[in-house]
Amino acid sequence: MKHVTHWVDNKAWGGVGARQGDVYDPATGRKTGAVDFAAVADVDAAVASAAAAFPGWRATSLARRTEVLYRYRNLLVEHRAEIAELVSAEHGKVLSDAVGEVSRGIEVVEVACGIAQLIKGEHSENVSTRVDAYSVRQPLGVVAGITPFNFPAMVPLWMFPIAIAAGNAFVLKPSEKDPSASVRLAELFAEAGLPPGILGVVHGDAVAVDAILEHPGIAAVSFVGSTFVARHVYELAARTGKRVQALGGAKNHMVVMADADMDAAADAAVSAGYGSAGERCMAVSALVAVGGAGDVLVEKIRERVSALKVGPATDPEAEMGPLVTAAHRDRVASYLDAGAAEGASLVVDGRTHPTSGEAGGYFLGPSLFDDVTTEMSVYRDEIFGPVLSVLRVDTLDEALALIRSNPYGNGAAIFTNDGRAARTFEQEAEAGMIGINVPIPVPVAYYSFGGWNASLFGDLHVYGPDGVRFYTRTKAVTSRWSRDEPVTNALAFPTNR
Ligand code: NAD
């Protein structure tokens, strides 16, 4: 049994909290370890360590900070497979998928290596006679991140490399369901030369989260998780005067026009609908077939889904792993009965899909619904599992109206060969990230990631340029070093001449 504990001052730290959570291998259903849950005092200790380290790190030159980030990037590349294995062992996703998540996280570190360029301010000479004006971006101090179970390596890496590169100290509260990857990420950063206190990890549940939100020493909070908790984080963090970005759940639509390449669209729907067992915030869960595209598309998806190999990450042939917990597997399976009862056609029932995994694992095969309508719970709710729902409409306008009326707005994709339809979709679709013949349009690390509406509370997206804006504040300076100009009419409001 492994024991996962907090990471403070660049070392494992048991804390004072007496509670623990269980960690499972979702592929077997067996308990593999326990994770310490932070008490309020543990969060206080991590913040105190971060606050003590912040002034020194902030004063560390950009060149030295960049050097540490480069070393960190190289260590992550060296340990990519090991981190992916930690992810698979606690999350359940297959290894190729876990390697993909670590790789996308490394890309954020690569962008953070360019902090010297990203953090530059602006400078204007002679805004008034011999007066210059400029702006600088300064770090906020101690900032925190709270992350979900579904990307235990990538989502923390969306946050802390940029925050730390910008000169902040960071306290991470990862998901208690798969906590090991985050500790390994912190150990490697220490090995790369990050000073003690600049990255702390505290494990736990709502007690730790609320302690972070209420802590007067934390200046900003980044959250990624369900909409219910995102709203709570946004409200509480705003009430306690913190800067906050809270990314929530999703219901992503993929629109397929009748002129699309149907094989490419079916491949994309299968990879985006069932990859990581549908436990991705950018998973496609609503497939909108326009103008007669439905029949051929449903048939092509059905064929592909039936051939998918479901099994544990240790099976090199497996394309899709188990769900994260037994309770979540049962909740997802309950939608198969609910959808059928509400009148949808269950074309593929994942409960009968073969698996190479153990009987105790939380496996549920891929399922496909056709004839889904917007009132049904399979459409309204974020299922967060391997269930794809096909809705049929006559026109692109109807598809766009459907997306607009959905409360979420994370990603949306269109498959078409018509540039005009693609452009209309890009302009009109009510979502923060758009794919054109691309099913999971997660922006590259030098753009920024974020949804709209119930998928993001706050105004700045994560990582990339928005990440730098989020973790810094602007100071505008107006400066005169000349005594040549006599100060006249001293009490009038200064004008620029
Ligand atoms: P979750 O909201 O249950 O948990 C997220 C974090 O909040 C965890 O660290 C957890 O410990 C904490 N938490 C849980 N309940 C809490 C409570 N009542 N009070 C305070 N803190 C609490 O989410 P999850 O199940 O870990 O992850 C899946 C969800 O995350 C899905 O809804 C998915 O769409 C969303 N997600 C969104 C994005 C995005 O970028 N928008 C990315 C990944 C995941």
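The values are calculated or read from the model by the stated rules, or taken from the named source; none is laboratory data. In this text the structure is predicted, and so the values were computed from the model without any measurement. Cβ: placed from backbone, ideal geometry, glycine included. Neighbour counts: every protein chain shown. Heads up: the accessible areas ignore ligands, DNA and RNA and are worked out on the full protein's heavy atoms, side chains in. Shrake-Rupley method; radii C 1.70, N 1.55, O 1.52, S 1.80 Å.
Assorted remarks:
- Condition check for residue 444: within 30 Å of residue 145 (Cβ to Cβ), more than 19 Å from the chain's Cα centre (by Cα) and aliphatic (A, V, I, L, M): no
- Residue within the stretch 239-257 that is without any contact (Cβ under 8 Å) to a residue 60 or more places away in the chain, assigned to a helix (DSSP H, G or I) and assigned by TED's automatic domain parsing to the domain that holds residue 93 present: yes
- Flag for residue 100 being surrounded by 15 or more Cβ atoms within 10 Å (Cβ to Cβ) and within 16 Å of the ligand (Cβ to nearest atom): yes
Yes or no, residue by residue, for (1) over 17 Å from the mean Cα position of the chain (by Cα); (2) farther than 30 Å from residue 278 by Cα; (3) not in a loop (DSSP other than H, G, I, E, B):
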{"site": "77", "(1), (2), (3)": "yes, no, yes"}
{"site": "81", "(1), (2), (3)": "yes, no, yes"}
{"site": "99", "(1), (2), (3)": "no, no, yes"}
{"site": "109", "(1), (2), (3)": "no, no, yes"}
{"site": "132", "(1), (2), (3)": "yes, yes, yes"}
{"site": "136", "(1), (2), (3)": "yes, yes, yes"}
{"site": "151", "(1), (2), (3)": "no, no, no"}
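- The listed residues are 186, 181, 211, and the only one of them that is more than 29 Å from residue 277 (Cα to Cα) and either part of a helix (DSSP H, G or I) or at pLDDT 95 or above (or both) turns out to be 211.
- Among (1) part of a loop (DSSP other than H, G, I, E, B); (2) surrounded by 24 or more Cβ atoms within 10 Å (Cβ to Cβ), the one test that residue 170 misses: (1)
- Scanning the stretch 232-251 for residues that are touching a helix residue (DSSP H, G or I) at 6+ places or on another chain (Cβ under 8 Å) and of a type outside the set (A, V, I, L, M), we see that the one that is nearest to the ligand (Cβ to nearest atom) is 249.
- Scanning the stretch 310-324 turns up no residue that is without any contact (Cβ under 8 Å) to a residue 60 or more places away in the chain and closer than 29 Å to residue 429 by Cβ.
- Residues in the stretch 133-175 that are under 21 Å from residue 213 (Cβ atoms), within 9 Å of the ligand (Cβ to nearest atom) and of a type in the set (Phe, Trp, Tyr): 2 in all.
- Failed item, numbered, when residue 249 is tested on (1) more than 22 Å from residue 391 (Cβ to Cβ); (2) in contact with an Asp or Glu (Cβ under 6 Å, 6 or more places away or on another chain); (3) open to solvent by less than 40 Å² (accessible area, probe 1.4 Å): (1)
- Residue in the stretch 291-305 that is modelled with pLDDT of 95 or more, part of a loop (DSSP other than H, G, I, E, B) and surrounded by fewer than 16 Cβ atoms within 10 Å (Cβ to Cβ) present: no
- Counting only helices (runs of 4 or more DSSP H) that sit completely within the stretch 381-497, those holding 1 or more residues that are out of contact with any Cys (no Cβ under 9 Å at 6 or more places or on another chain) and assigned by TED's automatic domain parsing to the domain that holds residue 308 correspond to 396-405, 419-428.
- In the stretch 1-31, residue nearest to residue 311 (Cα to Cα) [restricted to those that are of a type in the set (Val, Ile, Thr) and buried (at least 16 other Cβ atoms within 10 Å of the Cβ)]: 28
- When restricted to residues that are within 12 Å of the ligand (Cβ to nearest atom) and open to solvent by 40 Å² or more (accessible area, probe 1.4 Å), the stretch 185-231 contains 8.
- Only listed residue being in contact (Cβ under 8 Å) with a residue 60 or more places away in the chain and of a type in the set (A, V, I, L, M, F, W, C), chosen from 470, 493: 470
- Residue 423 meets the conditions (1) loosely packed, with under 15 Cβ neighbours inside 10 Å; (2) touching a Phe, Trp or Tyr at 6+ places or on another chain (Cβ under 7 Å) in every case but one. The failed one is (2).
- Residue in the stretch 278-289 that is open to solvent by 60 Å² or more (accessible area, probe 1.4 Å), more than 26 Å from the chain's Cα centre (by Cα) and not basic (Lys, Arg) present: no
- The stretch 334-363, residues that are open to solvent by 20 Å² or more (accessible area, probe 1.4 Å) and among the aliphatic types (A, V, I, L, M): 338, 340, 341, 346, 347, 359
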